[in-house]
Amino acid sequence: MKLRVTLTLAVLLALLAGVSVLRLSLGGGEWHGPVLRVRAANLAGGALVGASLAVAGVFLQSLLRNPLASPDLLGLASGSGFAVMIVVKLGLISAGVATASGLGAISTTAAALLGAMGALALTYILSRKQGVLDPLLLVLNGVVISIICSAGTMLVRHLLPFSESGIADRMLRGALREDITPSEFILAGTVTILGIVVGMSAGRSMDAASLTDDEAVSVGVPLGALRRLLFVLSGILTATSVVLAGPIGFVGLICPHVVRLMAGPGHRVLVLGSALAGAALVIGASAIVRAVDLPTGRLPIGVVTAIIGGPVFIAMLRRQVRSAVL
């Protein structure tokens, strides 16, 4: 088992290193000066976004005991984006600013966090049937709430001046920002690293929580405190990623499953491995975006991850429905 875990982490590290070098090398041979700084900033932003979304996916799947749970499918990402857009609209009215960075990293992150928490809470409440959480209702309600929040984002975009609608496009499609400030990097990096550390520390408790409530309590797991922790952390990590890149789909769904297949279900390794896999996926998607030069402009990263993750989600959903029937 230890060999399997070591090999998995080594493969993921090698993959992350490979896509990082690829991303830095795309666009010409300059490896110094302003060009390198721009590429390095894009690389760092992609790594933070991918890691935070993937770890949030691990927390949600553990919290809800549902392999289909992820920040985008449960409406957290769209809820965060909608909340940020509301703050942007209010900021535009009062101060003439319409960029997330113009409102400040802390205020924007707070808005995104409230949106994520609200969307997750609403999805959870609507998905209970006779006091029991229904896995399929959870996914369906999450998708509906995500669509409603995306529609709200489109409405706010329509109310903004055309010249100030760039952030709305990001909140609808997902794209790494190029104007991330040092304070936002520090805040996002701190949040992501703390999320990984806390998740690994709570790994054994999450392992036990995957059993029934009675079994988990019998081995000393404080289920209530653990679930509150996972709820808050998943919202914070999702909000962090949305501030940096808008809602990017399927990262929090795919990466935990890939790592689980490679290294097993242990949550300590799952948290760390998912962070590496998520960073590699988003950086790889960023490399694809940079390499594919379309006449109409760059593809949003959210489009690339959706093309990759959509078929995987359909396969997983069919498998869960088949299991439920049997």
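The values are calculated or read from the model by the stated rules, or taken from the named source; none is laboratory data. Predicted, not measured: the structure shown is a model, and the values here were computed from it. Cβ coordinates were reconstructed from backbone atoms using ideal geometry, including for glycine residues, and neighbour counts include every protein chain displayed.
What the table shows:
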item	result
Check on Pro256, under 19 Å from the mean Cα position of the chain (by Cα) and assigned to a helix (DSSP H, G or I)	yes
Lone qualifier among Ala95, Ala151 - being out of contact with any helix residue (DSSP H, G or I) (no Cβ under 6 Å at 6 or more places or on another chain), modelled with pLDDT under 85 and over 23 Å from Val49 (Cβ atoms)	Ala95
Residue that is modelled with pLDDT of 90 or more, more than 26 Å from Ser70 (Cα to Cα), out of contact with any strand residue (DSSP E or B) (no Cβ under 6 Å at 6 or more places or on another chain) and part of a helix (DSSP H, G or I), where the choices are Val21, Val35, Val11, Val49	Val21
Among the candidates Leu233, Leu276, Leu244, residue that is in contact (Cβ under 8 Å) with a residue 60 or more places away in the chain, buried (at least 20 other Cβ atoms within 10 Å of the Cβ), in contact with a helix residue (DSSP H, G or I) (Cβ under 6 Å, 6 or more places away or on another chain) and within 26 Å of Val132 (Cα to Cα)	Leu233
Matching option when the condition is modelled with pLDDT of 80 or more, under 29 Å from Val292 (Cβ atoms) and part of a helix (DSSP H, G or I), among Leu3, Leu43	Leu43
Residue within the range 275-297 that is modelled with pLDDT of 90 or more, of a type in the set (A, V, I, L, M, F, W, C), assigned to a helix (DSSP H, G or I) and more than 21 Å from Ser20 (Cβ to Cβ) present	no
Residue selected from the range 198-219 under the condition in a loop (DSSP other than H, G, I, E, B) and free of Cβ contacts under 8 Å to residues at least 12 places away in the same chain, by the criterion farthest from Leu133 (Cα to Cα)	Val219
Qualifying residue in the range 264-277 (condition: in contact with an Asp or Glu (Cβ under 9 Å, 6 or more places away or on another chain) and small (Gly, Ala, Ser))	yes
